[in-house]
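Enquirer: Have a look at this one.
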Amino acid sequence: MKSLLIQGGRIIDPSQGIEAIGNLLISEGKISWRGKGEEAPPQPDYDTLNAKGLVVCPGFIDLHCHLRQPGDEEKETIASGTRAAARGGFTTICCMPNTNPPLDNQTAIEFIKSRSASEGVVRVLPIGCISRGRKGEELAEMGELTLSGVIAFSDDGEPVPSSYLMRQALDYSRAFELPVIDHCEEKALTEGGQMNEGVISTRLGLRGIPSAAEEIMVARDLALAELTGGRLHIAHVSTEGSVELIRRAKEKGIKVTAEVTPHHLTLTEERVIGYDTNAKVNPPLRTRQDIKALIQGLNDNTIDIIATDHAPHTEADKLCEFDLAPFGISGFETALGSLMSLVHNGEISLSTLVAKLTHEPARIIGNKYAKLGTLAAGAPADVTILDPNLEWVVEPKAFASKGRNTPLAGERLKGRVMATIFQGRLVYKDGSITVKEG
């Protein structure tokens, strides 16, 4: 593999506190050198990618996505999902276990690893089930799953209903040093729910999902994390109340981390007006007040990371009555563009956004992957190059993902990934990007 010099870009690497114009040299799949300004690299032979006017940062890491394989290949496959991830700037993606069959045993995990190695274009890290079959009745073989290489445990799509089972899982998480990721939902309050409970749900005649349904389970999980000393990660936080609960827990020293999605940061329940099934997601899109609290949570580190919760569906899945449509938004390819609106509006800094997509998720994944999320010398050459000011129109038919289910269709976004490098190889580049051979 020939060396590649990324020249003249604005390098942002929160893991090292770096934000400066400079050059980055990739050799043999690793970061080998970083130079300032016009400083020349230490070796004479390399290809050159001109990144002037662009941002160069560590490859994005997504702690929460759905690749649908095995079982629902008509919605997504590891091959199509990783291509979509590369277009979105993601070089590492962590796939949830709600497949068919679920990822609750060593054989299932080995399938994911094998298929990812043969067909994936970015790194795929599997998440194992908390309970057998995701039924919430008995623990999966968490020790076996740990040895198989999972990076966390979750029954995502379903909460863990039993407090006793959740306590057991958190006990094991301490021993295995892996987080337990919970989808916080009190099912007794959400049965039949279609969108956020409030004035708009009443007006549309749709059964609502109250904020309390999330907050009750967040409070329970935090209490159990305090009791056990286990590692808890709260998935897709969506309410102001949840943010405050997590903030207080962190002040007490409870081992909790949390994530928020691009759609919960940028879209409100108003998107459902017109019964757009592409805006149907669980937890539901909430209010502007909730978004304000989520952004504040990002800025004060109450919320640790941004994760897409990429949930692709077929066109037929969403072309139906609202209450029959499945929950989920296809999010890999629009994540950066939608999130950049927060930067352009002055609500978060670009360096904070990059940190929440790179360095911070790498810390949650654990020591085995400590060299991800950084441009430090010797780290894997996972690099994302983006244009923060490029305007583009969302065209779902052009997605690499099989899932075209996005409420952003036809919208103009500002900020786009121009190239993605995984372990030194260009796995995606925009047509305007050229590499000059040395």
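Enquirer: If the elastic network links every pair of Cα atoms under 10 Å, which of Gln16, Gln296, Gln43 fluctuates the most in the Gaussian network model of the chain?
Expert: In this elastic network of the chain, the residue with the biggest mean-square fluctuation among Gln16, Gln296, Gln43 is Gln43.
Enquirer: Something else: Would you mind ranking Phe332, Phe322 so that the residue whose beta carbon has the fewest other beta carbons within 10 Å leads the list?
Expert: Phe322, Phe332
Enquirer: Further, regarding this structure: Applying a 10 Å radius around every beta-carbon, put 138-146, 333-341, 77-85, 198-206 in order of their mean neighbour count, most first.
Expert: The peptides rank, most packed first, as 77-85, 333-341, 138-146, 198-206.
Enquirer: Please report how far the C-alpha centroid of segment 116-152 lies from that of segment 348-395, rounded to the nearest whole angstrom.
Expert: Between the Cα centres of segment 116-152 and segment 348-395 lies a distance of 24 Å.
Enquirer: I need the per residue convex hull volume for segment 29-150, using only the alpha carbons, in cubic angstrom as a whole number.
Expert: 142
Enquirer: To continue, here is another question. What is the order of Met96, Met1, fewest Cβ neighbours within 10 Å to most?
Expert: Going from sparsest to densest Cβ surroundings: Met1, Met96.
Enquirer: Order these by the 10 Å Cβ neighbour count, fewest first: Asp171, Asp290.
Expert: Starting with the residue having the fewest Cβ neighbours, the order is Asp171, Asp290.
Enquirer: Can you run phi through the Karplus equation (6.51, -1.76, 1.60; θ = phi - 60°) for segment 112-127 and list ³J(HN,Hα) in whole Hz, with x for Gly and Pro?
Expert: Listing the rounded values in order: 4, 5, 5, 5, 5, 5, 8, 10, x, 10, 9, 6, 10, 10, x, 10 Hz.
Enquirer: Relative contact order for the chain: what is it in percent, counting Cα pairs under 8 Å that are at least 6 residues apart?
Expert: 20 percent.
Enquirer: Would you mind putting 364-377, 255-268, 55-68 in packing order, based on average other-beta-carbon counts within 10 Å, highest first?
Expert: Peptide ranking by packing, descending: 55-68, 255-268, 364-377.
Laboratory data are not the source of any read-out in this text; all were calculated from the coordinates shown. Because the structure is predicted, anything quoted here is derived from the model rather than measured. Note that each Cβ is placed from the backbone with ideal geometry, even for glycine, and that neighbours are counted across all protein chains shown.
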